[in-house]
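Below is one structure, written out as structure tokens, with a few remarks after it.
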Amino acid sequence: MKMNAHELSRDLRDGTGDFLGHRRAAASLTLVGMASLASLSLYQMGIFKRLAEPPIPVLDARKVNGSAEAYGILNTPDAVLGLGSYAATLGLIAMSGPDRARSQAWIPLALAAKSSLDSFQAGSLPRKSWFKFRAFSLYSLVTAPCTFFVLPVVLPEARAAWKKLKGFR
């Protein structure tokens, strides 16, 4: 059932539906990841000349995020691509009202599928960074768990949507 904009506004902000708490947690994780990627994007685009990091020997954002590999996909800074991906995730999180697992099951299922792929990718990045550069980026170390932990938060709604599609009660 399609909601009008007034109902959606009220429900997303003030509602207490079955999965709204999960969606708010997923949105919070996504936005923290986006904040980290926004800083990296400013660095990768030359707006920030350096990134602040604590003086820990294994942290080197310049080496990791300034590498050729960080610009290798589509000849675009990887943080910019990450922001686009996070924007898509946030769109799926925010889309539709609190009963969407019943009324629009495809949305939570698409969100779970995207979050699964994102989690796989997020898990591989620190490992690649270490083996390639023997260094990590603090910003990437913030982004990766934000990405990873969205998945378990969105799975309960996806399970409910799957049950609805399969005709379970």
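Restrict the check to the stretch 45-56 and report whether at least one residue is farther than 27 Å from GLN104 by Cβ and within 20 Å of the chain's Cα centre (by Cα). The answer is no; no qualifying residue exists.
The C-beta contact set for the stretch 1-15 (first residue surrounded by 10 or more Cβ atoms within 10 Å (Cβ to Cβ), second residue modelled with pLDDT under 90, distance under 6 angstrom, 6+ apart or interchain) is empty.
Residues in the stretch 93-102 include at least one that is closer than 22 Å to ALA122 by Cα, crowded, with 20+ Cβ neighbours inside 10 Å and not acidic (Asp, Glu).
For the stretch 108-117, a residue qualifies if it is buried (at least 20 other Cβ atoms within 10 Å of the Cβ) and out of contact with any Phe, Trp or Tyr (no Cβ under 8 Å at 6 or more places or on another chain), and the qualifying residues are LEU111, ALA112, SER115. A single member of PHE149, PHE120, PHE136 is under 18 Å from SER85 (Cα atoms) and in contact (Cβ under 8 Å) with a residue 40 or more places away in the chain, and it is PHE149.
In the stretch 55-77, the qualifying residues are those that are among the aliphatic types (A, V, I, L, M) and in a helix (DSSP H, G or I), and the one that is surrounded by the fewest Cβ atoms within 10 Å (Cβ to Cβ) is ALA68. Residues in the stretch 3-19 that are among the aliphatic types (A, V, I, L, M), under 20 Å from GLU157 (Cα atoms) and not in a loop (DSSP other than H, G, I, E, B): LEU8, LEU12. In the stretch 46-71, the residues that are touching a residue at least 60 places away in the same chain (Cβ under 8 Å) reach residues that are polar (S, T, N, Q) and surrounded by 14 or more Cβ atoms within 10 Å (Cβ to Cβ) with C-beta atoms within less than 6 angstrom, at least six apart or across chains, in these pairs: ALA61/SER137; VAL64/SER129; VAL64/SER137; ASN65/SER137. Here THR147 meets each of (1) surrounded by fewer than 22 Cβ atoms within 10 Å (Cβ to Cβ); (2) assigned to a helix (DSSP H, G or I) with one exception, condition (1). Can SER85 be described as closer than 18 Å to ALA144 by Cα, free of Cβ contacts under 8 Å to residues at least 60 places away in the same chain and in a helix (DSSP H, G or I)? Yes. When the criteria are applied in full, THR76 fails the requirement of being touching a residue at least 24 places away in the same chain (Cβ under 8 Å) and either β-branched (Val, Ile, Thr) or in contact with a Gly (Cβ under 8 Å, 6 or more places away or on another chain) (or both). In the stretch 152-169, the residue that is nearest to ALA52 (Cα to Cα) out of those that are free of Cβ contacts under 8 Å to residues at least 40 places away in the same chain and over 19 Å from the mean Cα position of the chain (by Cα) is ARG159. Looking only at the stretch 72-120, residues that are under 12 Å from the mean Cα position of the chain (by Cα) and under 12 Å from GLU157 (Cβ atoms) come to 5 in all.
The values are calculated or read from the model by the stated rules, or taken from the named source; none is laboratory data. Remember, it's a predicted structure, so these values are computed and weren't measured experimentally. Note that each Cβ is placed from the backbone with ideal geometry, even for glycine, and that neighbours are counted across all protein chains shown.
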